[in-house]
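Enquirer: Provided herewith is a single structure, encoded as structure tokens, for subsequent inquiry.
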Amino acid sequence: MSEKIDGEGNNLDWIKWAIVAVIVAAGVYANSYFSAESLLIRTVGLLAAAGVAGWIAAQTDKGRNFVNLCLEARVEIRKVVWPTRQETTQTTIVVLIVIMIVAIILFGLDGLLNWIISGFIT
């Protein structure tokens, strides 16, 4: 019996996703069709269509999972211990120094290989 309920939910989800696709397509078409109208009006219309499409998408299983993922990610971001300004500055300086060293090594290697290949060609 539960398999039947799951199957029906998936069928309704496909209908919801189809409605979302139609709303998005209608928004894109309307934006093109009303290209002579003010950009502000078209932007507000597109945002409204995106809001409705997002709300409908959030009513599906995958949509609810995505919303939960975003909420959990927000909670996890609050748990992060961010580096201090001094640590960030020091790390940036170290990265820049390493980049310069690697660039010099690659420049020298490129020049050496160019000199070797030129010796073989001429």
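Enquirer: Quick check on this structure: which one of Val24, Val75, Val67 is part of a helix (DSSP H, G or I) and out of contact with any helix residue (DSSP H, G or I) (no Cβ under 8 Å at 6 or more places or on another chain)? Talk me through it step by step, then tell me what you get.
Expert: Values: Val24 fails: out of contact with any helix residue (DSSP H, G or I) (no Cβ under 8 Å at 6 or more places or on another chain); Val67 fails: out of contact with any helix residue (DSSP H, G or I) (no Cβ under 8 Å at 6 or more places or on another chain).
Criteria check complete, one pass: Val75.
Enquirer: Since Arg78 meets every condition but one in (1) modelled with pLDDT under 95; (2) of a type outside the set (A, V, I, L, M); (3) surrounded by 10 or more Cβ atoms within 10 Å (Cβ to Cβ), which condition does it not meet?
Expert: Status for Arg78: all satisfied but (3).
Enquirer: Hey, can you tell me all the residues within the range 81-100 that are part of a helix (DSSP H, G or I) and β-branched (Val, Ile, Thr)? Write out each step before concluding.
Expert: Keep residues of the range 81-100 that are part of a helix (DSSP H, G or I), which gives 85-100.
Selection gives Thr88, Thr89, Thr91, Thr92, Ile93, Val94, Val95, Ile97, Val98, Ile99.
Enquirer: Taking the range 30-57 only, how many residues are surrounded by 13 or more Cβ atoms within 10 Å (Cβ to Cβ) and β-branched (Val, Ile, Thr)?
Expert: Here is the first cut: in the range 30-57, the ones surrounded by 13 or more Cβ atoms within 10 Å (Cβ to Cβ) are 30-31, 42, 45-46, 49-50, 52-54, 56-57.
Within this subset, residues satisfying the condition of being β-branched (Val, Ile, Thr) are 52, 56.
Residues flagged as surrounded by 13 or more Cβ atoms within 10 Å (Cβ to Cβ) and β-branched (Val, Ile, Thr) within the range 30-57 amount to 2.
Enquirer: Further question: State yes or no: is Thr60 among the β-branched types (Val, Ile, Thr) and surrounded by 10 or more Cβ atoms within 10 Å (Cβ to Cβ)? Steps first, please.
Expert: Details: among the β-branched types (Val, Ile, Thr): yes; surrounded by 10 or more Cβ atoms within 10 Å (Cβ to Cβ): yes.
Here the answer is yes, as Thr60 does meet what is asked.
The values are calculated or read from the model by the stated rules, or taken from the named source; none is laboratory data. These figures come from a predicted structure and were not determined experimentally. Cβ atoms come from the backbone with ideal geometry, glycine included; neighbour counts cover every protein chain shown.
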